[in-house]
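Comments concern the structure below.
The values are calculated or read from the model by the stated rules, or taken from the named source; none is laboratory data. Keep in mind that what you see is a predicted model, and the values were worked out from it rather than measured. We place every Cβ from the backbone using ideal geometry, glycine too, and count neighbours over all the protein chains shown.
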Ligand SMILES: [Zn+2]
């Protein structure tokens, strides 16, 4: 019964199409105002007992006052916005219909990230109904543009820094409870992000004289640009095993068998071998050990018989901890070996520092997991994708990225794609996780 009510509330949130667009002028902001109204209707106790502030117009900051003001607060994060569902006709279930079939809720945002947002609010609502009050302040931060620019979370982080707030830890979306992600391991793994890669868009541009295509120069703007991209592709960044990746393997060694057990448990001296295996093991494992660079947009030319004056490409980079946007730009310049290709960046952001696998936040997360998900091994990792929590690393070293749902490879594959869905049982176990976690604050 309580579960039915919880699911009802969750589906009400899925039905509001809070799509954020890269150009904020194209975003329908009325959906976000409506989303706030739905939150107030669905979670009345939260809205009665917690203070609520609106930051950067649409980002929500809730504060549940604790009984002991001396304790540092805990911050739980999620985001309100979702990725554009794309071609709606391609969805078997309407993306904002929140249809249920075979114990599964379908729709954009069911996992990313209204699954977490509703899970957190449900946990707090239920605890309030039992009369529970936390000892420390509990802050909830729900960004409005995580999928695009992350300005909402950045504004909240700046506001909290101004107020001198030093949280005990931050928990945001990230890894999940999964199987079969690391070769040689058995059983379930709770994958917790200690860090996230940095990212930037790097623009390559070539300006040439142009002219008629019947009398071409030795190399045209397009030819020069193509050569630059080829040089980038042919000289991948060096493979490296970061501290977070070493910790991941050391933890995974506890559940691995056979040769993998040996490799992982002895990571201190098997790292060079493992690094080579990962670097050549396919796109996913290679991304674990290196900064990735790939051309994603290209333009140039306007007529079939004219040599263009200008050609441009964007190279999207994902930066491993230990490097910076600046060092990656320098490396790209060196790999291109051509001063006539201009290299500029949109700024991007550096990788996040690596959070500790000790201390209050880590111990709390892993203790709740041990009690609620017996047989699951918690393992740290560096995540490829960005989250709003990257803006909070200046407030505390303890920033963790974990989404407490059981997700199959198929379910993970539908993130940011067609057919996003979550099993009701998986979502409810996530609610139980948040509830247990908050009850210990
Ligand atoms: Zn997300």
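A compact table of results
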| read-out | value |
| --- | --- |
| Those residues of segment 88-142 which are assigned to a loop (DSSP other than H, G, I, E, B) and either within 16 Å of the ligand (Cβ to nearest atom) or under 18 Å from residue 52 (Cα atoms) (or both), in sequence order | 95, 107, 108, 109, 110, 111, 112, 113, 133, 134, 136, 137 |
| Residue identified as outside any helix (DSSP H, G or I) and closer than 26 Å to residue 289 by Cβ among 232, 219, 202 | 202 |
| Residue in segment 350-364 that is farthest from residue 149 (Cα to Cα), counting only those that are more than 16 Å from the ligand (Cβ to nearest atom) and touching a strand residue (DSSP E or B) at 6+ places or on another chain (Cβ under 6 Å) | 357 |
| Selection within segment 46-73 - in a loop (DSSP other than H, G, I, E, B) and over 20 Å from residue 153 (Cβ atoms) | 65, 66, 67, 68, 69, 70, 71 |
| Qualifying positions in segment 145-168 - part of a loop (DSSP other than H, G, I, E, B) and away from the ligand (no atom under 16 Å from the Cβ) | 163, 164, 165, 166, 167, 168 |
| Residues located in segment 257-306, provided they are modelled with pLDDT under 90 and closer than 21 Å to residue 229 by Cβ | 283 |
| Leading residue by the ranking (surrounded by the fewest Cβ atoms within 10 Å (Cβ to Cβ)) among those in segment 374-419 that are assigned to a helix (DSSP H, G or I) and within 16 Å of the ligand (Cβ to nearest atom) | 413 |
| The lone exception for residue 347 - which of (1) more than 16 Å from the ligand (Cβ to nearest atom); (2) at negative phi it fails | (2) |
| Those residues of segment 104-119 which are more than 17 Å from residue 177 (Cβ to Cβ) and either touching a strand residue (DSSP E or B) at 6+ places or on another chain (Cβ under 8 Å) or surrounded by fewer than 24 Cβ atoms within 10 Å (Cβ to Cβ) (or both), in sequence order | 105, 106, 107, 108, 109, 114, 117 |
| Conditions (1) out of contact with any helix residue (DSSP H, G or I) (no Cβ under 6 Å at 6 or more places or on another chain); (2) within 16 Å of the ligand (Cβ to nearest atom): number failed by residue 422 | (1) |
